[in-house]
Every structure is written in structure tokens, then in C-alpha cells.
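What follows is a set of notes on a single structure, which appears directly below.
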Amino acid sequence: MFGLGAPELIIILLILVLLFGASKLPQLAKSIGTSARELRKGLNDDESTATKPTSKPTEKKS
């Protein structure tokens, strides 16, 4: 996972606790999860519309 070990993850977690406080971390995690879910949903919607066949416009012959 990006070359991060346990000590690095613990340091990052401690910095987050200092910045946001222990009471705000669950809200922060929930908002990140919601954002990731919406991003995946948007990407899947985009892929599904890209794979749908579209009708070609009719050409007028002169």
C-alpha cells in the first residue's frame, strides 16, 4: 500500500487526531467514504453510457 508501513500509518493517524480531534475523525471518515462511493458511481455511470451503442446520423446524398 504505497510503501507505507505500520510506523508511518501510526504517525499519520496521530497527526490527523491532532489536526481534527478525536470527535471529528468518524465524521471525516464517513465523508471520505461517501465521496469515494459517489466517485465510483459516477465512473461506472460514465462507463455504462460509453458502452451503449449510439445511432449514427443519417447522411443526405446530393
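The values are calculated or read from the model by the stated rules, or taken from the named source; none is laboratory data. These numbers were taken from a predicted model, which means no experiment stands behind them. When we count neighbours, we look across all protein chains shown, and the Cβ atoms used for this are built from the backbone with ideal geometry, even at glycine.
Numbers at a glance
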| quantity | calculated |
| --- | --- |
| Every pair of residues 6+ apart whose Cβ atoms lie under 7 Å, when the first sits in region 26-37 and is surrounded by 10 or more Cβ atoms within 10 Å (Cβ to Cβ) while the second is at pLDDT below 95 | Leu28/Phe20 |
| Single unsatisfied condition, Ile32 versus (1) over 18 Å from the mean Cα position of the chain (by Cα); (2) in a helix (DSSP H, G or I) | (1) |
| Among (1) under 20 Å from the mean Cα position of the chain (by Cα); (2) in a helix (DSSP H, G or I), the one test that Leu18 misses | (1) |
